[in-house]
1. Between the helical axis of 86-95 and the dominant principal axis of the chain, each derived from Cα atoms, what acute angle in degrees is found, rounded to the nearest 10?
2. In whole Hz, with x marking every Gly and Pro, tabulate ³J(HN,Hα) for region 195-210 from phi via Karplus 6.51 cos²θ - 1.76 cosθ + 1.60, θ = phi - 60°.
3. Between Ser167 and Asp23, what length comes free when the chain is fully extended (0.36 nm per residue of separation minus the Cα-Cα distance, one decimal in nm)?
4. Given the peptides 92-99, 111-118, arrange them by the average over their residues of other C-beta atoms within 10 Å, most packed first.
5. Please list 142-153, 37-48 highest first by mean number of surrounding beta-carbon atoms within 10 Å per residue.
6. Count the net charge of all other residues whose Cβ sits under 11 Å from the Cβ of Gly190, scoring Lys and Arg as +1 and Asp and Glu as -1.
7. Non-local amide H neighbours of Leu220 (under 5 Å, H modeled in plane, Pro and chain starts lacking H): which ones?
8. If you average the sequence gap of Cα pairs under 8 Å that are 6 or more apart and divide by the length of the chain, what percent do you get for the contact order?
Amino acid sequence: MNRTEDVRLAIYRTFARTGHEPDVAELADRFELTEAEVRAQYRVLAVDRHLALDEAGEIVLAHPFSTRNLGFSVASDETLWWGGCAWDSFAMPHLIPGASPSLVATTCPACVTPHAFVVHKDEPPHGSQVAHFLVPAARIWDDVLHSCRNQRIFCDEQCVDDWVAASGNERGYLMSLQTLWQLASSWYAGRLDRGYQRRDPADAQEYLRSVGLHGAFWGLED
C-alpha cells in the first residue's frame, strides 16, 4: 500500500471535485494516519514537486490548483477554482471531467483591464491577448510561487513592455492564447489517476517542442 500516492490522489481529486484542498484531519481519518503523518506525506510530495507548501506546511499549489488567488479564477457550471497561473488555468478544462467549457477570468498586470475567456478542451479561445512567462523553465522551481505569479495574460505586447519597465524585470517569453491553450492541453494528462508520474526532462522537452515552443527560455535548442 502506497500511502504517499493515496494522499496525493486524494488531494488532487478533492481539488478537482470541490475547488478546495482536503482537510488534514479528514485525510488522517480516511487513511488511518495521524495528522503529523499526513503532513509528513505532504513534505514527501513537495520534494517530488507534486505540491508546493508555504512556511507553515500548508498547501499553496497542487498544479494546476491553487489554494489562493494568484491572478486567475476558473469556473465551470458547478465548481470554482483558483488557477495557479495562465498555464494551469487553461489546463483545467482539459484535465477535470465535466469542466469544459470553463470561464477563465483574470486582469492585465499592466493596466488592470479585466479579461475572461471561455476555454473548451476541443478548441482554443479567440483573442489577441498574449501570455507572458517571466521565469525560464529551468528556474521555475527555484521559487515556484514567484514563477506562477508571473505567468500572466496581458492585453498586448505594449502592456507587457509597460509592465516590464515599471517592475524592473526583463521581458520573458511571449505566446498567443492559442499557443497557451496547446501548451496546457495535455501537460497534466493523467494527474488525477493513480500512478501518475511527472514528465522526465526528455519527455518534457519533446512535449514543449510539439506545441511550438523554442529557444533557451524553454531549455530547447532552435
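Please treat every number below as a calculation from the coordinates, not as lab data. Computed from a prediction, not measured in an experiment: that's the story for all the values here. Cβ sites come from the backbone with ideal geometry, for glycine too, and all protein chains shown count toward neighbours.
1. The answer is roughly 60 degrees.
2. Those phi angles translate into x, 4, 10, 4, 5, 7, x, 5, 5, 4, 5, 4, 5, 4, 4, 5 Hz.
3. 48.1 nm
4. For the peptides 92-99, 111-118, the packing ranking is 92-99, 111-118.
5. Going from most to least packed, we get 142-153, 37-48.
6. On the way: positive: Arg191, Arg194, Arg198, Arg199; negative: Asp193.
Its environment carries a net charge of +3.
7. Close amide H contacts, sequence-distant or interchain: Gly215.
8. Numbers: 372 pairs, mean separation 36.0, N = 222.
It comes to 16 percent, rounded to a whole number.
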